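What follows draws every value from the coordinates through simple rules; no lab data is involved. What you see is a predicted model, and the numbers here were worked out from it, not measured in a lab. Cβ placement follows ideal geometry from the backbone for every residue including glycine, while neighbour counts extend to all protein chains displayed.
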Amino acid sequence: MWTPGGAVECQPPSVKPTCSSAPPEKNTLEQHTDSMRNFSEKSKKPCHCTKSLCLKLYCDCFANGEICNNCSCVNCCNNMEHETIRNKAIKTCLGRNPDAFNSKMHSSVQGAKGSYTRGCNCKSSGCLKNYCECYKAKIMCSSLCKCVSCSNYSRSKVKESAVQKSSHPDDNNTHHTTK
DNA sequence: GAGTTTGAAACT
DNA sequence: CAGTTTCAAACTC
Ligand SMILES: [Zn+2]
Ligand SMILES: [Zn+2]
Ligand SMILES: [Zn+2]
Ligand SMILES: [Zn+2]
Ligand SMILES: [Zn+2]
Ligand SMILES: [Zn+2]
């Protein structure tokens with residue numbers, strides 16, 4: 001909890017869960033300059049969600065199991081003021097993926113428990129940009145990935161010889177998903 | 001800051 | 001399950 005000094009933070013909860021049209025509530029708390037330094041420490045990356053209400057995995061805050069704080073999100077419900085809705089959203093996400101929140105990062109994949117085991121599906125980034133979840137997590141792509149033209153390997157030299165069945169030079173995993 | 005690109009998450 | 005749409009971040013200019 002932070003100490004509201006100027007009373008410039010959240011908006012009154014006017015968001016209705018099943019309402020037809022939600023009024024645009026823009027988070028007015030983002031006056032950096034020197035407000036951030038107050039809390040320091042965490043300084044997590046703020047989200048800028050506008051349509052997900054920060055109640056879907058689109059929102060990094062929500063995906064990481066964190067409450068939005070110092071974010072620029074609109075109509076944010078990822079807070080204790082909307083705990084009921086938030087809990088429902090969490091439940092929905094868990095229904096889709098029981099391990100959705102087990103790992104700090106997004107995970108799904110079979111048998112992933114507290115580890116990144118997502119496997120990316122990049123097609124145009126070569127897994128060398130932050131678009132790639134593997135690259136962002138600073139891990140190499142594995143056989144779980146279905147990326148095309150992957151270069152996210154310790155050995156940047158990836159030969160596409162016919163010898164390689166997959167685009168991945170080193171696949172220690174014998175068990176393949178379904179293929 | 002505006003506009004584009006990108007691939008995960010969501011939806012059908 | 002696959003194809004499509006939605007979404008917010010990463011990136012470019
Ligand atoms: Zn958010
Ligand atoms: Zn947030
Ligand atoms: Zn939020
Ligand atoms: Zn990738
Ligand atoms: Zn990967
Ligand atoms: Zn890759």
* To do: Return the distance in nm (one decimal) between the two label points of a simple spin-label model at A:S43 and A:K88, each offset 7 Å from Cα along Cα→Cβ.
  => 3.8
* Structure fact -> With a Förster distance of 35 angstrom and the Cβ-Cβ distance between A:I67 and A:S154, calculated FRET efficiency to the nearest 0.05 equals 0.40
* Distance violations [Cα-Cα > 23 Å] among A:K44/A:K129; A:K51/A:K129; A:K45/A:K136 -> A:K51/A:K129
* Asked: Roughly how many whole Å is it from the C-alpha centroid of region A:120-141 to that of region A:75-97?
  -> 28
* Simple label model, 7 Å out from Cα along Cβ direction - A:K138 to A:S124, nm -> 2.9
* Stretched out fully, how many nm does the piece from A:E81 to A:T50 gain, at 0.36 nm a residue minus the Cα gap? -> 9.4 nm
